[in-house]
Structures are given as C-alpha cells and as structure tokens.
Amino acid sequence: MAWIECYVYSEGPATDTAIAALDTVQTFGLVKTATPSNHYARPAAPQRWTDLIATWATQLSTATGYTVTCTYSSTTKRLTVAANNLIRPLMVGNSALFTGFTQALAGSALSWTADDAPLGRVELLGALVEPREDWASVEMELYRHGRARATTWGNHQVHRCALYMVATSAAQFDAGYVQAGRVRLHQGESGAALSAYDETNPGGYVDGWVIGCGQPVEESENLWAYPMLIGVAR
Amino acid sequence: MLALSTTGNWSLFIDTTCDGNPAEMYESTGDETDAYTAITAYVTWLNNAARAWYGAATFSWSYARSDYAGARLTLAWTGGVNFAMDAGGLATLGFDADSSNTSLTAIADAVGTWAPTVPLAVRGYARSLKDGDAESAGAVRPGVPGLGHRQPAIEAIGKAIDAARVAFVLATAATPRQGSVYQEHTGDWLTLAIGEFQRSRQDLAYRWTIAAAGAPV
C-alpha cells in the first residue's frame with residue numbers, strides 16, 4: 001500500500017522535564033506514573049512522521065530511564081506507545097489530534113494505543129506519481145542571421161500526483177498536515193518503492209514540498225482521489 | 001540522442017597510450033561542454049597526425065542507449081593495436097581507466113545525454129523566412145536565404161525511465177540552454193538552442209515535443 005507522511009517543524013529538542021518555548025505537534029509527553037513526573041521529547045530539527053516517532057522513543061527512554069517504544073501499524077492505522085514500566089502519554093499542544101490519542105488521558109498502563117488514526121501519516125489505496133518534470137521557464141529568442149538563444153530560469157522540478165484513498169483516510173487527509181509543507185509520498189511498501197526517486201528509480205518515494213492540492217473527486221462510492229503537485233529542488 | 005551542454009566541469013585530461021608509444025596527455029580546450037563535442041574533440045585529437053601512433057590506428061566513436069535512457073559511449077579503433085587511457089574522462093564521458101586492442105565502452109552514461117526509447121525525430125531542419133517585409137530575423141527581408149532561421153520540430157517517445165532521465169538531465173543544463181541533437185534519418189549532429197519540453201502521456205508511454213532553433217549563440 002502507498003502512504004503519505006508529513007514533516008513536522010522543530011527548532012530544538014525538549015529538555016527532559018521542561019517544554020521548550022515552541023511546542024506544537026512535534027512535542028510528545030510521557031508521565032512516569034510511579035513517581036509521578038512529566039517528561040518531554042522533541043526532535044532538534046524538522047522530521048517526518050516515521051523518524052519523529054522513533055526520536056520520541058529514543059528521547060523518552062533517555063529521559064525516563066525506561067525502555068520506551070513508539071510503533072505505528074499501517075494495518076490498524078494506530079500509534080502505540082509502550083514502556084517496561086507504568087506510563088501515561090501526556091498530550092502537548094495539538095499532539096492528541098496529530099497522534100490520534102485522546103487529549104486528557106487518565107490512569108497508567110504499560111502500553112497505550114491511540115483511539116484514532118494519526119494525521120501525520122495517511123494510508124492510501126494507491127498513488128499515481130508521474131515522473132519528474134522540469135519546471136523551468138524558457139525564453140527562446142531569435143536574432144538576425146539565424147541565430148537563437150534559449151535562456152532558462154527555474155530552480156525546481158515537479159511531480160504530478162494523484163492520491164487514491166477511502167473516505168476514512170480522506171478525513172485524515174483533509175486535516176491538512178499532509179497537504180502542505182514538506183511531505184514524503186511512498187508509492188508502495190516493497191522493491192523500488194523503498195528507495196528514493198531518482199533518474200534510475202522512477203518508482204521510488206518522492207520527498208518534496210506541496211505546491212498545490214486540488215479539489216477531491218469521489219471516483220466511486222467510498223473512493224476519493226486528490227490531485228497533488230509536489231515540487232522538488234533541483 | 002540529445003547531448004545537452006551542462007554546468008558541470010568539462011575540463012578533460014586523459015592520459016593516453018597507444019601502440020607501445022610513450023603516453024600523451026589529451027587536454028580539452030574548454031569549449032566542449034556537451035558529450036558530443038567532447039568525445040568528437042577527443043577522437044579528432046587521437047587521429048591527429050601529431051600523435052605518435054598516427055597511421056597505426058584510426059579511432060571512431062559510437063553510442064548506445066543504456067538501461068537508464070542515457071548514452072553509453074564506445075571508443076573503437078582499427079589496427080588491433082593496444083590502447084589504454086586513465087580515468088580522466090570518467091566524470092564526464094563515463095570511461096574508466098582501461099585498455100584493449102579493439103574498443104573500450106564507458107561504464108557510465110555520458111553527462112547530459114538523453115537517449116529515449118524511440119530516438120529523437122528531427123524534422124524541418126531548413127532555413128525559413130517568414131512572410132512580409134519585417135520578420136524576427138531582421139526588420140528588412142535580407143535577400144540572403146542562408147540567414148533565415150532554422151526551427152526544426154523535435155519529438156521523442158519513451159517510457160517512465162526516459163521521463164526520469166530527461167528531467168535529471170535538464171536540471172544540469174547550462175543556460176542559455178543548447179545541445180547537440182542526433183538526426184537519425186540523415187545521420188547528422190545538429191547544434192541547437194533547446195527550448196521548452198512539452199510532455200504528454202498516453203497509457204504507459206510519454207511523448208515529448210521539444211522547441212528548438214539554430215544556430216545557438
């Protein structure tokens with residue numbers, strides 16, 4: 001299956017028990033319920049969804065002294081946070097919406113699975129990714145004596161894409177985290193799709209910036225298609 | 001095949017030995033900034049009467065489309081003499097250090113080259129003068145047909161890998177954009193200003209319509 005995931009912004013790590021000044025979806029909190037004490041994790045720089053949850057796990061393990069894991073299942077579309085001691089996820093900013101957890105959680109447990117699908121990663125039925133096109137402006141000038149000059153301007157290339165998904169995924173998609181800014185669009189889960197797109201691997205994943213996302217079209221019952229234009233610096 | 005002039009470093013220093021003679025160093029002039037002009041200049045140097053091996057071997061070059069829609073160059077020679085080069089052309093022409101008695105084939109695609117599945121079709125490469133007293137080639141009809149523009153129609157057909165390659169190549173193109181285009185039906189190389197690439201798709205195939213004009217300045 002194909003999927004699309006967003007990058008989240010960050011400009012410095014959380015310092016264990018303190019929330020850094022900028023805290024939105026990139027910060028994740030954990031309560032050591034035995035103590036109790038609050039601990040926070042945040043990447044030092046922008047990261048995409050898959051790397052982000054791995055960073056949370058690493059930083060929270062260091063901060064709490066527990067062994068913390070953050071795993072996502074593409075089958076159930078749920079994020080699970082677990083540890084070898086009792087914990088409780090602590091939602092910071094909009095992270096409940098972003099991760100799929102409930103905002104105000106109570107109690108303690110070794111493992112917590114989100115109630116809803118996250119907004120940072122959306123599972124797709126398929127993704128049509130057209131090979132990269134040069135997005136240059138070319139001015140062809142014709143001079144006397146039959147001479148010509150093709151002056152070009154441009155600094156990026158584009159992929160024309162179509163994303164196909166079921167209605168529940170469309171609800172995640174419409175939240176906007178994967179409709180703007182930097183995203184990574186995976187065309188599949190095996191073979192060439194596991195490597196980055198390049199001139200020898202047009203089936204690879206595309207890592208770029210959303211230039212535009214068109215109006216959705218309901219192709220058939222419960223099947224939605226979104227046109228998207230993704231730009232890549234050249 | 002399209003050999004675009006690119007922004008990369010095209011300075012070539014190829015240490016060459018042939019037929020047991022002392023090694024000679026090929027040095028490009030700096031004017032060759034696409035694969036066609038670069039390999040042509042090298043072959044011209046190899047065949048020059050000033051070379052110690054002049055008369056023992058005659059060199060020529062050819063190309064073949066690679067799996068990734070680039071052009072893989074081959075250098076061949078007559079006479080059955082031993083020829084060796086160092087890796088001075090690896091970064092541009094794709095030739096690694098190697099030796100042979102008959103031919104050497106590059107191990108990488110030449111920089112800036114595009115060889116689509118269906119080779120480029122170049123039509124209408126003729127001088128054209130527009131109607132009227134004033135036209136783009138000059139305010140007054142020149143009366144010298146040789147000064148009219150050439151604006152050939154270039155088309156190509158290919159697959160996704162061809163599309164991926166051409167975008168990669170265009171990203172490295174120098175500006176003003178120009179290149180050498182091989183015209184299949186005449187066997188000629190044309191040096192042209194390369195304009196806009198328009199791509200359309202039908203099923204799994206892509207068609208390109210490429211704006212071009214000559215001669216570039």
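Once both labels are positioned 7 Å from their Cα atoms along Cα-to-Cβ, the gap between B:His185 and B:Ala121 label points is 0.8 nm. Name the most mobile residue of A:Asn85, A:Asn222, A:Asn38, meaning the one with the largest mean-square fluctuation, in a Gaussian network model of chain A with Cα contacts below 10 Å. Greatest mean-square fluctuation among the candidates belongs to A:Asn222. Charge tally for A:Asn155 (other residues, Cβ to Cβ under 12 Å; Lys, Arg +1; Asp, Glu -1): 0. Within the shell of other residues whose beta carbon sits under 10 angstrom from the beta carbon of A:Ala2, the net charge comes to -2, with Lys and Arg scored +1 and Asp and Glu -1. Every Cα-Cα pair of the protein assembly as shown was included, and the share exceeding 35 Å stands at 50 percent.
Please state, as a whole number in µm²/s, the translational diffusion coefficient that the Stokes-Einstein equation yields for chain A at 4 °C and 1.567 mPa s, with Rh defined as the Kirkwood radius across alpha carbon pairs. Roughly 67 µm²/s, to the nearest whole number. Within 10 Å of the Cβ of each residue in B:203-212, the mean number of Cβ atoms contributed by other protein chains is 1.
What the phi angles of segment A:166-173 give under the Karplus curve with 6.51, -1.76 and 1.60, with θ = phi - 60°, is a coupling list of 7, 4, 5, 5, 4, 5, 5, 4 Hz, glycine and proline written as x.
The mean sequence separation of alpha-carbon pairs under 8 Å and at least six residues apart, normalised by the residue count of segment B:2-105, gives a relative contact order of 25 percent. Other protein chain C-beta atoms within 10 Å of residue C-beta, averaged over B:157-170: 5.
Relative to the first principal axis of the alpha-carbon coordinates of chain A, what is the inclination of helix A:49-64, with its axis defined by its Cα atoms, in degrees from 0 to 90 and to the nearest 10? Rounded to the nearest ten degrees, it is 30. Mean projected area of the convex hull spanned by the Cα atoms of chain B, taken over all viewing directions: 13.7 nm². Measuring from a point 7 Å past the Cα of A:Val166 along Cα-to-C-beta, which residues in segment A:105-135 have an amide N at less than 19 Å? Once the point is set 7 Å along Cα→Cβ of A:Val166, A:114-128 turn out to lie under 19 Å by backbone N, inside segment A:105-135. Within segment A:99-202, the GluC sites (Glu not before Pro) that combine a DSSP coil assignment with at most 15 other C-beta atoms in a 10 angstrom radius are A:Glu189.
The calculated FRET efficiency for A:Asn85 paired with A:His156, based on their beta-carbon distance and R0 = 60 Å, is about 0.80. Estimated from helical segments only, the mean residue ellipticity of the protein assembly as shown at 222 nm is -3500 deg cm²/dmol, where each DSSP H run of four or more residues counts as -39500 (n - 2.57). Each of A:His39, B:His185 was scored by other Cβ atoms within 10 Å of its Cβ. Listed from fewest to most, they are B:His185, A:His39. For the peptide A:194-200, the mean number of other protein chain Cβ atoms found within 10 angstrom of a residue's Cβ is 4.
Give the angle, between 0 and 90 degrees and rounded to the nearest 10, that separates the Cα long axis of helix B:160-171 from the longest principal axis of the Cα atoms of chain B. Tilt of helix B:160-171: around 90 degrees.
Converting phi to 3J(HN,Hα) with the Karplus coefficients 6.51, -1.76 and 1.60 and the offset θ = phi - 60°, segment B:59-69 yields 9, 8, 9, 8, 9, 9, 5, 8, 4, 10, 6 Hz in sequence order, with x at every glycine or proline. As a length-normalised measure over Cα pairs under 8 Å and 6 or more apart, the relative contact order of chain A settles at 19 percent. Each Lys or Arg adds one and each Asp or Glu subtracts one; over the other residues with Cβ under 13 Å from the Cβ of B:Ala71, this totals -1. Phi angles across segment B:76-92 convert, under the Karplus curve 6.51 cos²θ - 1.76 cosθ + 1.60 with θ = phi - 60°, into 3J(HN,Hα) values of 10, 8, 8, x, x, 7, 7, 10, 9, 9, 8, 8, x, x, 5, 6, 10 Hz, Gly and Pro given as x.
Ordering of B:104-117, A:171-184 by packing is B:104-117, A:171-184, highest average first (other Cβ atoms within 10 Å, averaged per residue).
Bear in mind these aren't lab numbers, they're just calculated from the coordinates by the rules spelled out. It should be emphasised that the depicted structure is a prediction, and the values quoted were computed from it without experimental measurement. For neighbour counting, all protein chains shown are included, and Cβ atoms are generated from backbone atoms with ideal geometry for every residue, glycine included.
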